[in-house]
Amino acid sequence: MKHLLGIKNISKQEILQIIETAKNFKEVLQRPIKKVPSLREVTIANVFFENSTRTRLSFELAEKRLSADVINFTASSSSVKKGETLLDTVQNILAMKVDMIVMRHASVGAPHFLAKHINANIINAGDGTHEHPTQALLDCFSIQEKLGEIEGKKVAIIGDILHSRVALSDIFALQKLGAEVMICGPITLLPRYASALGVKIETDVMKALQWCDVANVLRIQLERQQIKYFPSLREYSLYFGINKKMLDSLDKEIVLMHPGPINRGVELSSDAADSHHSVILDQVENGVAVRMAILYLLAQ
């Protein structure tokens with residue numbers, strides 16, 4: 001593939017190839033010298049039209065570990081504020097002889113639009129409420145690393161499904177790798193098309209936790225919500241928040257995940273986020289290895 005625009009249009013074999021390549025790069029990250037010359041002749045632009053900390057830093061570190069030249073672009077300090085179009089902005093960046101673009105944009109389909117008009121490799125770092133493919137790949141890598149395999153495992157995605165780009169990418173990736181997927185949250189935060197995705201639907205968090213092997217808990221995305229979907233954060237936490245007491249009451253061990261940033265005390269209590277169930281920091285570490293793998297494979 002020339003681009004990574006989403007999980008929906010890539011194959012199971014490509015997902016597995018990325019995960020296997022990421023395993024090798026994770027070994028590199030354990031060495032005293034964590035840098036390899038794999039992309040020494042490649043220039044990569046990180047073009048972020050939305051705020052980001054984890055994803056942008058993870059990509060930048062992955063690029064530097066591969067010895068690429070890196071340019072960082074943020075819309076808040078650019079000519080976008082003066083009315084420049086997306087295509088003009090990117091073409092100006094490409095005129096500086098950039099080979100690859102990592103892009104986050106608030107509009108659904110923005111990376112797909114660019115892929116039709118420019119020759120550089122495009123990696124989707126999140127487009128609106130649509131997809132976040134690299135997060136899904138690192139989630140799959142983290143589950144496989146913890147449980148040994150993904151096929152046959154039960155994964156519950158809990159929280160603000162409606163506004164989440166992680167949820168959709170996770171569903172596509174996990175189903176392609178043979179996992180069963182459940183979505184759980186307030187009925188107002190479950191998309192109407194959910195039943196068409198082939199997932200189980202639940203509105204009781206304890207039932208979801210009792211069912212699953214892995215709970216991937218999503219943040220309430222207040223910045224995307226134009227209307228009130230629940231009375232208050234306190235009420236959401238009361239009915240849909242997860243704490244360590246709930247996890248310890250289960251008759252089995254489950255894996256707790258979160259793409260970050262965590263709203264502590266809302267979707268997760270601190271004692272749950274920091275418990276032995278949690279692989280949240282492992283996800284952050286694995287994100288660098290997975291993004292190294294994606295950059296490396298696209299550059300071949």
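The values are calculated or read from the model by the stated rules, or taken from the named source; none is laboratory data. Just so it is clear, the structure is predicted and the values come from calculations on it, not from any experiment. Quick reminder, even Gly has a Cβ in these numbers, built from the backbone with ideal geometry, and neighbours come from all protein chains shown.
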Screening ALA272, ALA293 for residues that are modelled with pLDDT of 95 or more, in contact with a helix residue (DSSP H, G or I) (Cβ under 9 Å, 6 or more places away or on another chain), in the same structural domain as ALA167 (by TED's automatic domain parsing) and of a type in the set (Gly, Ala, Ser) leaves only ALA272
Taking SER58 as the residue in question, decide whether it is closer than 26 Å to ALA289 by Cα and either of a type in the set (A, V, I, L, M) or outside any strand (DSSP E or B) (or both).
yes
Need the failing condition index for ILE143 against (1) under 26 Å from PRO186 (Cα atoms); (2) in the same structural domain as SER269 (by TED's automatic domain parsing); (3) surrounded by fewer than 24 Cβ atoms within 10 Å (Cβ to Cβ), just the number.
(3)
Given ILE183, ILE171, ILE150, which one is surrounded by 21 or more Cβ atoms within 10 Å (Cβ to Cβ), of a type in the set (Val, Ile, Thr) and closer than 18 Å to ILE280 by Cα?
ILE150
Within the range 115-149, of all residues that are under 17 Å from the mean Cα position of the chain (by Cα) and among the β-branched types (Val, Ile, Thr), the one farthest from VAL255 (Cα to Cα) is ILE122
Since ARG219 meets every condition but one in (1) assigned to a loop (DSSP other than H, G, I, E, B); (2) exposed (fewer than 15 other Cβ atoms within 10 Å of the Cβ), which condition does it not meet?
(2)
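Test GLU267 against the criterion of being closer than 28 Å to LYS244 by Cβ and either surrounded by 23 or more Cβ atoms within 10 Å (Cβ to Cβ) or modelled with pLDDT under 95 (or both), and give yes or no. Steps first, answer last, please.
Working: closer than 28 Å to LYS244 by Cβ: yes; either surrounded by 23 or more Cβ atoms within 10 Å (Cβ to Cβ) or modelled with pLDDT under 95 (or both): yes.
Here the answer is yes, as GLU267 does meet what is asked.
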For the range 273-284, how many residues meet the condition of being touching a residue at least 40 places away in the same chain (Cβ under 8 Å) and either assigned to a loop (DSSP other than H, G, I, E, B) or surrounded by fewer than 16 Cβ atoms within 10 Å (Cβ to Cβ) (or both)?
1
Which one of these is crowded, with 16+ Cβ neighbours inside 10 Å, under 26 Å from HIS276 (Cα atoms) and at pLDDT below 95: ASP213, ASP160?
ASP160
Of a type outside the set (Ser, Thr, Tyr), part of a helix (DSSP H, G or I), within 24 Å of the chain's Cα centre (by Cα) and loosely packed, with under 15 Cβ neighbours inside 10 Å: is that true of LYS64 in this structure?
no
Taking the range 66-96 and keeping residues modelled with pLDDT of 85 or more and among the charged types (D, E, K, R) leaves ASP69, ASP88
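What are the residues in the range 94-140 that are among the charged types (D, E, K, R) and either buried (at least 16 other Cβ atoms within 10 Å of the Cβ) or touching a residue at least 12 places away in the same chain (Cβ under 8 Å) (or both), if any?
Narrowing the range 94-140 to residues among the charged types (D, E, K, R): 97, 99, 104, 116, 127, 131, 139.
The answer is LYS97, ASP99, ARG104, ASP127, GLU131, ASP139.
So that you can scan it fast, the table gives a plain yes or no per residue for (1) assigned to a helix (DSSP H, G or I); (2) acidic (Asp, Glu):
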{"site": "LYS2", "(1), (2)": "no, no"}
{"site": "GLU20", "(1), (2)": "yes, yes"}
{"site": "PHE25", "(1), (2)": "yes, no"}
{"site": "PRO32", "(1), (2)": "no, no"}
{"site": "VAL36", "(1), (2)": "no, no"}
Scan LEU168, LEU190 and give me the residue that is touching an Asp or Glu at 6+ places or on another chain (Cβ under 7 Å) and in contact (Cβ under 8 Å) with a residue 24 or more places away in the chain.
LEU168
Provide a single number: the residues in the range 80-97 that are assigned to a loop (DSSP other than H, G, I, E, B) and among the polar types (S, T, N, Q).
1
